[in-house]
Each structure stands twice: as structure tokens, then as C-alpha cells.
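Working notes, structure below.
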Amino acid sequence: MPAVLTRPLLWLCAATILLAGPVAVSSGQERPYRHDPQPTAVGHGGAATTVDGVATRAAIRTLRQGGNAVDATVAAAAVLGVTEPFSCGIGGGGFMLIREPDGEVTSFDSRETAPAAMTPDAFIEGGTPLGFDAARYSGRSAGVPGTVAGWDEALERHGTLSLREAVRPAIDVARRGFVIDQTFFSQVEGNAAFFKDVPSSRSLYLDPDGTPRDVGTIQRNVDLARTYRAIAREGRRAFYRGEIAQDIVSAVQTPPVAGATRTWRPGVMTLRDLRTYDAIERRPTQTRYRGVDVYSMAPPSSGGTTVGEALNILEGYELGSLSRTDALHRFLEASRFSFADRNAFVADPAYFDVPVGGLLSKDFAATRRALIDPARAATSPVPAGDPRAFDPAGGDGAGEAAASVTRAGTTTHLTVSDRDGQVVSYTFTIESTGGNGIVVPGRGFLLNNELTDFNFDSTTHPNRVEGGKRPRSSMAPTIVLRDGAPYLAVGSPGGSTIITTVLQILVERIDLGRTLPEAIATPRAAQRNTASTSAEAAFIDSPEGRGLAALGHTFAPTAEIGAATGLEFLADGRVLAAAEPARRGGGSARVVSGGG
Ligand code: GLU
């Protein structure tokens with residue numbers, strides 16, 4: 001039945017469900033799960049915040065049962081793979097930052113990797129780069145997924161649970177199902193035309209007539225429950241070897257389409273690519289900013305170096321004593337110049353000598369700050385600086401200017417702490433909303449299109465496609481310590497706006513007197529060395545938005561930027577967990593005791 005006829009009725013049903021609590025289902029069936037937004041919570045004993053109430057509850061339950069923050073993060077992430085399947089899952093990859101109770105901060109890079117046989121011209125045909133959708137909806141855009149290896153590695157080294165125990169809550173969610181909400185519906189709607197080409201995607205996420213399932217109906221995923229069970233039984237090898245690996249390779253090499261009128265290009269991933277995949281433990285970036293230490297993700301993500309460079313630029317201003325317009329002008333300009341450097345100098349460090357030390361040097365930041373006119377917005381694109389001259393390791397990679405990619409996908413971020421002071425900030429993704437559009441037949445998860453994060457239109461850029469390489473990311477899972485103790489943990493989805501969102505939250509919280517929930521809720525703007533600054537309508541229409549326009553800023557309206565989550569460790573020993581009050585339908589923040 002056409003969704004449009006049934007939707008008002010179902011809205012009514014959904015509203016009744018929300019008011020009435022448990023979902024009524026026919027006898028003999030177990031109750032499905034449902035997302036219950038709750039943007040803030042304060043309390044003790046650990047905290048979790050994600051975009052989804054079902055995932056946050058799984059994290060809190062794991063903490064209550066004695067699990068640590070890494071255990072709870074993996075439990076919640078596995079649930080998100082079910083309830084947020086268009087943003088993340090085992091078909092993709094991510095970056096997990098962990099602060100250990102002894103104060104050490106480390107990170108795990110489970111970024112997807114280009115199959116060994118990929119070449120720089122993989123997305124160039126007849127001398128012309130493919131358009132984004134042609135590149136994306138294909139087997140070719142899928143990198144070797146890293147999520148399962150990342151979970152396994154993090155649990156092994158920093159958790160107390162096995163992968164088997166950690167994925168158990170997610171198996172139940174996949175089996176019982178959850179109530180489809182408006183966000184989920186809209187994400188399916190955005191992909192429906194492409195899912196229709198792929199029977200496995202179509203049957204999982206569309207009604208028989210090819211329209212999205214209505215809000216208020218139940219989404220189950222028995223194939224994913226079975227896949228998780230196999231991982232629970234056999235560990236990561238179930239995913240990287242054997243039948244699941246076979247099915248991934250087939251779906252990539254021969255996209256499982258039927259009756260498609262568009263071309264779904266094949267990829268070159270092999271069983272060997274999967275077998276040899278490794279998550280990498282990396283030293284995070286560290287930036288001292290106004291007396292606190294900001295840790296974030298090192299290359300191949302550009303998150304840590306770009307947030308860090310912008311903070312170093314901003315440290316030269318007394319932001320707190322400026323008007324909001326003047327402070328935000330400096331925020332936008334610092335971001336503009338940092339993005340010029342990010343675009344030219346960040347790629348997979350195994351393939352390009354990234355001048356991390358130079359990008360994060362205070363002296364380099366001073367040269368960039370000197371280019372900022374306090375009374376006038378610069379005209380983008382501004383050229384990159386030369387961080388190599390400030391790099392103690394003498395990074396010798398030759399940067400290459402590139403236009404900013406301003407696309408924003410979805411992704412998801414979660415932040416978790418436990419009673420012992422372990423803190424996790426984890427961003428993971430399948431790149432675009434809906435990844436490459438291909439649900440691996442019989443396995444219940446979408447593949448990523450992460451390889452479109454390469455500068456795939458260039459055969460010379462440091463971030464060009466190469467076999468075995470990880471595409472540059474913008475993910476910026478961040479943890480801030482004060483005197484070695486946890487102070488803040490934040491992160492967001494949103495493609496390259498991840499960087500500007502994390503930066504803006506830090507500036508709003510540390511410099512501009514906002515609480516963490518206010519810093520997350522406040523309207524956002526993202527300047528990424530593009531002529532116009534992407535901004536939410538509420539930002540453009542605010543007094544500071546008008547003030548910034550008078551300084552020469554032009555804005556490109558964007559419906560929503562990011563979907564952040566964060567934690568603040570309060571002076572009285574409690575933890576404040578904060579999620580979005582409105583973006584993406586509102587997130588879910590909970591604590592182990594005292595606040596919900
Ligand atoms: N693929 C993006 C990145 O790694 C994240 C996806 C998104 O949020 O757009 O930076």
C-alpha cells in the first residue's frame with residue numbers, strides 16, 4: 001500500500017505507542033525495542049550517550065553488570081549496527097579513543113582499507129572521474145570493513161568481556177526488532193531508489209511495493225542476528241574468513257542487483273584482503289589548549305590535526321572577552337585556514353609522510369593566525385601553509401592543494417565512561433547514509449562506500465586511491481583531560497563537518513560560557529575553506545549570524561549539521577551526559593545511577 005495513504009494513521013499509532021509505553025504485538029511475540037529520546041542525564045557510576053535509546057540502554061546495562069567502558073561501548077555499537085544501519089555497522093569502520101583509568105590515552109583505527117588491487121584511477125573512466133553516486137553505489141567503493149576487528153582488538157586489550165558477550169544484547173534487538181521512527185523512515189526514503197535495484201537491500205528495508213516501511217511499524221533483521229551469532233561463536237574469524245567473508249567478496253565483485261537500469265560497478269576485494277585486515281593501535285593527537293589537554297584521532301583521520309590546529313590558532317585570542325560575533329568570526333577563520341592545510345597534507349601515514357608535528361605546532365599556528373583579519377572574512381579557497389617547515393620529524397611529504405569536499409554523510413558517535421575512570425569516545429560509519437546501498441545477501445548488513453573518501457578524482461593527491469591504503473577521514477572522537485583527569489569527551493558524525501562541530505562544541509564550552517548541553521544544542525556553522533560557510537538556519541538568523549554577514553561571511557543554509565554526543569566530568573564527581581535535543585530526532589543520554 002502506498003506509504004502516503006497510511007502514514008497519518010501510523011503517526012497516530014506511533015504517538016499512541018510512545019504515550020502508552022510497550023508496543024502491543026500479537027500474542028506469542030516478544031515486545032520490540034523502541035528509541036526514547038533523553039538529551040541529558042547527570043549521575044554516578046558511569047554514563048553513556050548515543051543517538052539511540054536502545055543502544056544507550058545496552059551500554060548502561062553492561063556497565064551495571066560490571067562491564068567497563070570499552071565493553072559497554074562495543075555492546076552499544078553492536079546495537080547501533082541494528083537500529084542505525086544506514087550510519088554504521090559491521091560493514092564499515094571507525095576510530096575509538098580510550099582513556100584508561102591510569103591516565104593513558106590510546107586509540108584504535110579500524111578504518112576500512114582499499115583492496116590490494118585498487119589503483120589510483122579506480123574511479124576514473126575515459127579520463128573523467130565518476131560522479132559521486134556512480135562511484136558510491138557500486139562494489140568498488142567498499143573498503144575492507146574494519147569494525148569487527150576494531151571491537152575485538154579494543155575488547156582484548158582494554159575490555160573485560162569477550163566479543164561473544166558484548167554482541168549479545170544486539171542479537172536480541174535484531175531478532176525482536178524495533179519501532180521505526182521518522183529518522184529511520186527518512187533515511188530509507190533517501191535510499192529507496194537505489195535499494196530497489198538490490199533484492200537483499202530491498203527485502204530488508206522496503207515494503208513489497210518498493211516504498212519505505214511506515215513509521216510505527218517494526219523492523220527486524222534475522223540475518224544480522226545470525227551474523228552476530230556467528231561472530232559470537234567463532235570470534236572475528238567468522239567475519240574475516242569463511243562463509244561471511246565469501247559473501248562479502250561476492251557482493252563486492254558481483255553486485256547482487258536485479259533489474260537495475262543503472263550501472264553498479266564491480267569491485268576487486270578478495271578473501272585475502274579480508275584475511276589480512278588489521279585494526280591498528282595509534283598514538284592520538286594531543287593539543288594543549290588553555291591549560292587542558294585535547295586528545296583526538298591521528299591520521300589517517302584529519303580530525304585530530306585539524307581540530308588541534310584550529311585550537312592552536314584560537315589560543316592566540318581572548319575569545320571569552322570578545323563579543324559572540326567576534327569570537328565566532330575567529331572560530332570560522334581558524335577553521336578556514338586549518339582546512340586548507342588539512343586538504344593538502346593529511347592522508348594515510350603509511351603512504352604519505354603527514355607532518356603531524358608541524359600541523360600541531362604552536363609556531364605554525366601563529367603563521368596562520370597572522371593571516372586572519374579581525375574585521376573581515378577571508379575569501380576561500382585560501383592556500384595551504386607549509387607545516388613541514390615546523391615539523392620536528394621533518395615531514396617531507398609534498399602536499400597538494402585540493403578543493404574541499406563539502407559533502408556530509410551520517411555516521412554515529414557514542415561516548416561512554418565507567419566508574420573507574422575509563423572513558424571511550426568512538427565514531428564509526430559506513431560513510432554515506434546507506435553506505436554503498438548493498439546489503440550483503442543473507443547477512444543483514446550494508447557495505448560501506450568509504451573509498452569515496454579518497455580524492456578519487458586525482459591520481460597524484462596524497463589522498464589518492466592506492467591498494468591497501470586507508471582513505472582520509474574527518475572523524476574526531478575527542479577526550480579532554482584537565483590535570484590528567486577526564487574533563488570532556490565529545491564527537492559527532494557529519495563528514496568533514498565533524499571537525500567543525502567538535503571544534504565549535506569545545507569553543508562554546510571552554511571559551512564562551514556554555515554548558516555542555518547548550519554547547520551541543522547551539523546552532524552550528526561549518527567553514528571548510530569554501531566560498532560560503534555551511535550553516536543551520538538558526539545560526540544564519542541569529543544576531544551573531546547577521547553580525548558575521550556584516551564581516552563578509554556568506555552562508556549556505558544546511559538543514560542540520562552533525563549529531564553530537566558528549567560527557568562532562570563535573571567537579572563534584574558526577575558525570576553529565578549530553579545528546580542532541582533535536583537533531584536527528586534527539587539522542588539518548590543516561591547514567592548508571594542518579595539520573596535516569
Ligand atoms: N566517511 C566520513 C569520514 O570518515 C564519515 C562519514 C560522514 O559522516 O560523512 O570522515
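The residue 164 and residue 518 beta-carbon pair, evaluated with R₀ = 51 Å, returns a calculated FRET efficiency of approximately 0.80. Karplus-derived 3J(HN,Hα) values for segment 203-214, using 6.51 cos²θ - 1.76 cosθ + 1.60 with θ = phi - 60°, are 6, 6, 10, 10, 6, x, 7, x, 9, x, 5, 6 Hz; glycine and proline are entered as x.
Shown is the FRET efficiency for residue 538 and residue 322, computed with R0 = 22 Å from the Cβ-Cβ distance and rounded to the nearest 0.05: 0.55. Based on Cβ point charges of +1 for Lys and Arg and -1 for Asp and Glu, what charge dipole magnitude is obtained for the chain about its Cα centre, in debye rounded to the nearest 20? Here the chain has a charge dipole of around 1060 debye.
Only helices at least 27 Å long along their own axis, judged from Cα atoms, and with Kyte-Doolittle mean hydropathy of 1.6 or greater: name those in the chain from DSSP H. Don't skip to the end; give the middle numbers.
Numbers: long enough: 324-345 (31 Å, -0.52).
Flagged H segments: there are none.
Suppose every K and R has +1 on its Cβ and every D and E has -1 on its Cβ; what is the size of the dipole of segment 23-108 about the Cα centre, in Debye to the nearest 20?
Values: 6 positive and 8 negative charges, 62 e Å.
Computed charge dipole of segment 23-108: roughly 300 debye.
In plain terms, the residue of 400, 508, 243 with the fewest other Cβ atoms within 10 Å comes first and the most crowded comes last, giving 243, 400, 508. Annotation for residue 386 and residue 459: the two label points, set 7 Å from Cα along the Cα-Cβ direction, are 2.9 nm apart.
Can you give the FRET efficiency for residue 182 and residue 531, using 1/(1 + (r/R0)^6), R0 = 30 Å, r = Cβ-Cβ distance, to the nearest 0.05?
Values: r = 33 Å, r/R0 = 1.10.
So the FRET efficiency works out to roughly 0.35.
The Cα center of segment 500-548 and the Cα center of segment 45-90 differ in position by 28 Å. Over the chain, one equal point on each Cα, no solvent: what is log10 I(q)/I(0) by the Debye formula at q = 0.08 Å⁻¹? Debye intensities relative to I(0), on a log10 scale: -0.50.
Take the Cα gyration tensor of segment 445-596, multiply each eigenvalue by 5, square-root it, and list the three semi-axes largest first, rounded to whole angstrom.
Numbers: eigenvalues 168, 108, 44 Å².
Three semi-axes, in Å: 29, 23, 15.
Fully extending the segment from residue 370 to residue 293 would add 25.3 nm, taking 0.36 nm per residue of separation and subtracting the current Cα-Cα distance.
Relative contact order for the chain: what is it in percent, counting Cα pairs under 8 Å that are at least 6 residues apart?
This gives 25 percent for the chain.
FYI, it's all coordinate maths here, none of it is from the lab. In this text, all values refer to a predicted model and were calculated from it rather than measured experimentally. Every residue, glycine among them, receives a Cβ derived from its backbone with ideal geometry; neighbour counts consider all protein chains shown.
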